[in-house]
Structure formats: structure tokens, C-alpha cells
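Q: Attaching a single structure in C-alpha cells format; questions to follow.
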Amino acid sequence: RNRAIGVLELFVKKAPIARFLHYYSSFLAIEKKKKNNLRESTFNPDPVLTEKLNTLFKDMKCQYEAKQLDGFMLYLYSLLLMVLNLPQYVLKPLLLSLHKEPLLWPAWLDLADLIRDRAMLKKLILPEHWMKKFFLAYSYSEMQLHDEALRIYCQMEDFGFEKCNYILSQLALAYHNKRDVVNAISSFNTLRKIDPYRLDNLDTLSNLLFVREERVELAVLAHQAVKIDKFRVETCCIVGNYYSLRGEHQKAVISFQRALKLKPTYLAAWTLMGHEYMEMKNTHAAIRSYRQAIDLDRSDYRAWYGLGQTYEIIKMPNYCLYYYKQAHALRPNDSRMLVALGETYEKLGHVQEALKCFYKARGVGDIEGLALLRLARYMYLFIFS
């Protein structure tokens, strides 16, 4: 990257693409050094790197205020704002970037991360471009509006994207999030036939196979993933799930730790490692793992739910009530969250609140059949009391 900076400096004023690559290389070089410092346990920010980042930001800010930035440079400017912890200023340059370069998918992804709810999404003035469909479907998935996401992805298949790997993978993920395990696995298997060397999102497939306890299929998937690339985070996750299904929880933890060495921000590994520590009765390590997952993404309901279960084990119902409420807010129609809330209210002596949770859990599907059992018990006690 440093070589690229030196070479491109000669062409900054001659070509817009050279200008972007020069600035982007400078940004990546700074970020790489920051990450290297973290790996070396140098937790105090390097003042030299901070100064370089601020200099780059001031330079780009002047150009932004003078309206001299093209679509790619506006995107880079938004990245700098995020790195400098100025998220309140990111939305405007991101939207400007997309209006100038509607095919810039990373900008769409960053925009999706800023959206808090459906109302905010509707207020955005987006470019009228076919990429908008991809963005809307992705945003709906992130907001747990999976039916809307599926509707758009199915429409896009009809519009000629039926062989697009990205669409197939997103369909599989949407089915997974809806707990439609059969269709999710079917979509993943179709994707594997089309592109057998693709590892993206196969960690989710391994989760599905784990839940269904399909040991042979999971073993085959793990073997194939290791053959393709054993140093991919997805491979480490698949192998971890394989060991977990075999009851070898220590080996599973090692696999998830390997994934986190490769990518410390890999959310799934933190959550799954928390589950493994729970199996090993190491509640303190489980809490650390779940909290790390929440720090990375506060919308990860699995981590909130895992924390609730952990505090339930150590008999702290007030804490687990809080965490189950957070999980329920993220997955309001998931009966597991409602049953967990109901059981916690029972332990706290709030019978009416518990009954409301069990009735609602029954109304949204009662996946595990536990809500009906709880309601039957209350009915029995009421009749024979």
C-alpha cells in the first residue's frame, strides 16, 4: 500500500481514479498499522497514526466543503467519519456518493448499517436504480423483516437474477432467519451445486445442520471446507460446529478461537463460543463471549438470549429478565424468547405477566411446545385449587 501511495501521488491531479486510489491506499495503510498495533497488545493509540488520519480527514473535509469529491471520494470521506467516531455526519456524504455512483455496493452496505427502523428507511431519498432493490432487501433482512426481504429477492429472481449466487445466498439466509430450516438447507445445497468452492455463508448452513443433528452431512461439509481453505473463518466455524455436535466442546472452542484470530470482529464465533462455554459450565467465559458479541452488534438476539440463559443458570432472575427482554425486542415473534420471559416472570412471582407471555408464545407458533405445557399446568392448578 505504501508503494501504491508513492506511485499514485504522481497522478493525483491527472485522473479521478488515481486520486481515489491514492487517498484510499493512505487510509488502508493507516488502518493496517492500527490493527497491527492491536495484535501486538499496544492498546494506546499511536499519536503518529492519529495525526496522519486527522491530516487525511482535514484534507478531504476541505474538498468536501468545496464540493470537489466524486462518488468514490465521498464514500471514502464517509469511512473516515466512521473511523473518527463521527457517525452523525456520515449519512449525507453516503447518500451523495450513491447518487453519483449507484453501483458502489459497499456504500449501500454502510448506509444499511445506519438505518434504525422502517420509518427512517422510508425517509431516505435514494437513487432510482436497480441496485436500490438489493439495498432494500438487505435492509429489511437486517431489520428482521424477512417476509419483505424474501418478496424482493423472489422478484429479483424473476427479473433475471435466478442464477446469481448472492441472491441465492440471501434467500437461504432469509429462510434461516424465518426458521424455515428445510427451505434454507435446500437453498444452500442449490448454491453449493452451482459454486462448489464458495465458502461464504456456509457457516450458517453448518448451524442448520447442527440444529437438525445431521452429523454425517456436517462432517462432509467440514471436510470439504477444510479442503477448499482451512484458514477461512467460515471453515473454522463449520469445524467448531462439527466438534460441538460430537460433544468435543474444548476442540470446538479452539476452532472458534482460531476464527477470531483470523477475524476478531467475526460475530458468529463469539456467540457460538459462548454456547460452548455454557456446555462446559464455564459461565464467566460464556458471559465474556456473549458481551463481546453484543459490543460488536447490539442487534444479535442470540447473544442477548445466551446472556439470559447464563444468568438463569447462576440464579440471577432479575438480570436474565433484562436480557430476555432485549432478545424479545429483537425477535418479537419468536416463541422461545416469550417462553423464557414467562419462566423468568414465574420465578419472580409475576404470574399474570408470565401468563401473558405464554399465551403470546402460543399465538406466534410455540416452536418447542413449552408454552402449551405451561398453560396446561396453570389450568390444572386453577381447576383443582
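Coordinate-derived values only; no laboratory data. Just so it is clear, the structure is predicted and the values come from calculations on it, not from any experiment. When we count neighbours, we look across all protein chains shown, and the Cβ atoms used for this are built from the backbone with ideal geometry, even at glycine.
Q: Quickly estimate the mean residue ellipticity at 222 nm for the chain, helices only: each DSSP H run with n ≥ 4 gives -39500 (n - 2.57), and the total goes over all residues, rounded to 500.
A: -23500 deg cm²/dmol
Q: Between Tyr197 and Lys347, how high is the FRET efficiency from 1/(1 + (r/R0)^6) when r is the Cβ-Cβ distance and R₀ = 45 Å? Nearest 0.05.
A: 0.35
Q: In percent, how large is the relative contact order of the chain, given Cα pairs closer than 8 Å and 6 or more residues apart?
A: Here the relative contact order equals 5 percent.
Q: On to the next question. Between segment 66-141 and segment 285-354, what is the C-alpha centre distance in whole Å?
A: 33 Å
Q: Sticking with the crude label model, points 7 Å out along Cα→Cβ, report the distance from Arg212 to Ile314 in nm, one decimal please.
A: 3.7 nm
Q: Explain nothing, just compute: Karplus ³J(HN,Hα) = 6.51 cos²θ - 1.76 cosθ + 1.60, θ = phi - 60°, for every residue of segment 260-265 in order, whole Hz, x for Gly and Pro.
A: 6, 5, 6, 8, x, 9
Q: Here is a further query. To the nearest whole percent, what portion of all C-alpha pairs in the chain is separated by more than 26 angstrom?
A: Looking at the chain, the distances longer than 26 Å represent 63 percent of pairs.
Q: Of the lysine pairs in segment 167-282, how many meet both conditions: Cα atoms under 22 Å apart, and a spacing of 8 or more in sequence or different chains?
A: Final tally of qualifying lysine pairs is 11.
Q: What ranking, highest mean first, results for peptides 323-329, 219-225 when packing means the other Cβ atoms within 10 Å averaged over each residue?
A: Descending packing order for the listed peptides: 323-329, 219-225.
Q: Can you tell me the length gained on complete extension of the stretch Tyr359 to Ala66, counting 0.36 nm per residue apart and subtracting the Cα distance?
A: 99.5 nm
Q: Can you tell me the order of 266-274, 86-94, 354-362 when each peptide is scored by its average per-residue count of other Cβ atoms within 10 angstrom, highest first?
A: 266-274, 354-362, 86-94
Q: Each residue of segment 218-223 in turn: what ³J(HN,Hα) in whole Hz from Karplus with 6.51, -1.76, 1.60 and θ = phi - 60°, glycine and Pro shown as x?
A: Each residue of segment 218-223 in turn: 5, 5, 5, 4, 4, 4 Hz.
Q: Which residues does the label zone of Val182 cover in segment 343-370, counting backbone N under 19 Å from a point 7 Å along Cα→Cβ?
A: Those under the cut-off are 365-369.
Q: Helix 351-363 against the longest principal axis of the chain: what's the angle in degrees, Cα atoms only, rounded to the nearest 10?
A: 70 degrees
Q: Roughly speaking, what is the stretch gain from Leu124 to Leu109, that is 0.36 nm per residue apart minus the C-alpha to C-alpha distance, in nm to one decimal?
A: Once the chain is fully extended between Leu124 and Leu109, it gains 4.0 nm.
Q: Here's something else I'd like to know. About the Cα centre of the chain, what is the dipole size in debye to 20, counting +1 per Lys and Arg Cβ and -1 per Asp and Glu Cβ, all else neutral?
A: 660 debye
Q: I'd like the FRET efficiency for Ala329 and Met280, computed as 1/(1 + (r/R0)^6) with the beta carbon distance as r and R0 of 30 Å, rounded to 0.05.
A: Efficiency, from the Cβ-Cβ distance: 0.55.
Q: Using DSSP to define loop residues, name the GluC sites (Glu not before Pro) in segment 211-296 whose beta-carbon has at most 16 other beta-carbon atoms within 10 Å.
A: Glu213, Glu214, Glu248
Q: Residues in segment 165-194, backbone N under 16 Å from the label point at Lys227 (7 Å along the Cα-to-beta-carbon vector): list them, ranges by number please.
A: Counting backbone N atoms under 16 Å from the label point, the list is 192-194.
Q: Taking R0 as 35 Å, what FRET efficiency do you get between Arg288 and Met379 from their Cβ-Cβ distance, rounded to the nearest 0.05?
A: 0.25
Q: Once you have the alpha carbon radius of gyration of segment 282-385, what is it after dividing by 2.2 N^0.38 Å, with N set to its residue count?
A: Rounded to two decimals, the normalised Rg is 1.11.
Q: Could you size up the charge dipole of segment 315-385 around its Cα centre, putting +1 on the beta carbon of Lys and Arg and -1 on that of Asp and Glu, and report it in debye to the nearest 20?
A: 60 debye
Q: Taking θ as phi - 60°, what are the ³J(HN,Hα) couplings along segment 58-74 by the Karplus curve (6.51, -1.76, 1.60), each to the nearest whole Hz, with x for Gly and Pro?
A: Listing the rounded values in order: 4, 4, 6, 5, 4, 5, 5, 5, 8, 6, 9, 9, 7, x, 5, 5, 5 Hz.
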